[in-house]
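Asker: Quick one: the structure is below, and I'll ask about it shortly.
The values are calculated or read from the model by the stated rules, or taken from the named source; none is laboratory data. These figures come from a predicted structure and were not determined experimentally. Because the Cβ atoms are built from the backbone with ideal geometry, glycine has one as well, and the counts that use them run over all protein chains shown. Ligands, DNA and RNA are stripped out before the accessible areas are found, and what is left, the full protein with its side chains, is counted by its heavy atoms. Shrake-Rupley method; radii C 1.70, N 1.55, O 1.52, S 1.80 Å.
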Amino acid sequence: MPDLDNNLVQATAGIPVESKRSIIKKDLIRNRYIYLMLLPVIAYYGLFHYGPMYGLLIAFKDYGIADGVWQSPWVGFTHFQHFFENPYFWRLIRNTLMINIYELLFAFPAPIILALLLNELRLILFKRVVQTISYLPHFISIVVVAGMLVDFAARDGLINNILGVFGMEPVAFLQEPGWFRFIYVSSGVWQGIGWGSIIYLAAMSTIDPTLYDAARMDGAGRWKQTLHVTIPDIMPTIVILFILSIGSMLSVGSEKIILLYNPLTYETADVISTYVYRKGILGADFGYSAAVGLFNSVISFVLLTLANTISKRVSEHRLW
């Protein structure tokens, strides 16, 4: 859509206003069905993403349900100050960053590696079977996945039964803070690796086959073809998704963590989103939790902009 807009602007440069309006009107009529398809998306983001943004005001107010958003008294940056002075502030930041760093190190490259391996398969039937099997975990509910993890990681669960065969003592994995990040990230890799590989396989399908022919003529084997043809051609996709991942480094989803953690594992499992859930939903401190959520969003936006700026300076690939 940005390219279409730029082309339209360039095409109408230097044209009188009335003529521009006529061109735009013709474009709207000619592409009316495309714009109609766009309306539900615009409506969705308008209603559920931009419409509720006025509620951010409660981050600066002593919000009370009876008073409402507009009548609640202003408190300025008091909620932010309390959060920064909170004894758990650095623990929340550390845990959120550590989980995201582990996901960048292990979960982010996993779909790329799987897509590269699938791209090398020549037996179409086997390739489709592998793809189907790898996609299936994505459609399993997080609640079901969390229930499976709780059962498997219990003292009398599958994992400890296997360890017992080798004479090892049972371990209460979900009661040990040191195991939580490994369980969370590895289960995320298992659930998302197949689905995440789809976009990379789509990018690989657009690579010109003559590039592989030229590489083979130069004596390149399968490994060098992957290094010098496949990876460079999908690099723009990798960079864009990596920038988006950097932008969400402080936005760990709370659902799975809430289903898996407990007070014994707060040391490594408690993140910003779960803290907001406890303070805002369970504790009914809506103003404070809104301030924490706003802080999280602002930092995420700064990280996204910084990652995009660095990418723009060191390479030709960027998000905008």
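Asker: Most fluctuating residue of His228, His138, His49 in a GNM of the chain with Cα springs under 10 Å: which is it?
Answerer: His49
Asker: Could I have the simple spin-label model distance between Lys224 and Phe182, label points 7 Å from Cα toward Cβ, reported in nm to one decimal?
Answerer: About 4.0 nm, to one decimal.
Asker: I need the calculated FRET efficiency for the pair Leu123 and Leu57, taking r as the beta carbon distance and R₀ as 51 Å, to the nearest 0.05.
Answerer: 0.30
Asker: Now, a different point. When the chain is modelled as a GNM with alpha-carbon springs shorter than 10 Å, which of Ile183, Ile207, Ile198 fluctuates the most?
Answerer: Taking springs between Cα atoms under 10 Å, the residue moving most is Ile207.
Asker: Normalising by the residue count of region 78-315, find the relative contact order in percent from Cα pairs under 8 Å and 6+ residues apart.
Answerer: Relative contact order for region 78-315 comes out at 30 percent.
Asker: Also, I was wondering about something else. Could you work out what % of the accessible surface of the chain is carbon and sulfur, using a 1.4 angstrom probe and leaving DNA, RNA and ligands out of the count?
Answerer: Reported share for carbon and sulfur atoms: 68 percent.
Asker: Here's another thing I want to ask about it. Once fully extended, how much extra length lies between Asp208 and Asp67, figured as 0.36 nm per residue of separation less the alpha-carbon to alpha-carbon distance?
Answerer: 44.5 nm
Asker: Could you give me the ³J(HN,Hα) list for region 137-146, computed from phi with Karplus coefficients 6.51, -1.76, 1.60 and θ = phi - 60°, whole Hz, x at Gly and Pro?
Answerer: x, 4, 8, 7, 4, 4, 4, 5, 4, 4
Asker: Okay, moving on. Show me 30-36, 169-175 ranked by packing, highest mean number of other Cβ atoms within 10 Å first.
Answerer: 169-175, 30-36
Asker: With label points built 7 Å along Cα→Cβ from the Cα atoms of Trp74 and Ser300, find their separation and express it in nm.
Answerer: For Trp74 paired with Ser300, the spin-label model returns 2.8 nm.
Asker: If you don't mind, there's one more thing I want to ask. Under a point spin-label approximation (7 Å from Cα along Cα-to-Cβ), what is the Ile133-Ser19 distance to one decimal in nm?
Answerer: So the label points at Ile133 and Ser19 sit 6.4 nm apart.
Asker: While we're on this one: Hey, can you grab everything whose amide H is under 5 Å from the amide H of Lys61? Only 5+ residues off in sequence or another chain; H modelled, so Pro and N-termini drop out.
Answerer: Counting only residues 5 or more places away or on other chains, the set is Val75.
Asker: Scattering from the C-alpha atoms of the chain alone, worked out with Debye: what is log10 I(q)/I(0) at q = 0.06, 0.14 1/Å?
Answerer: -0.33, -1.29
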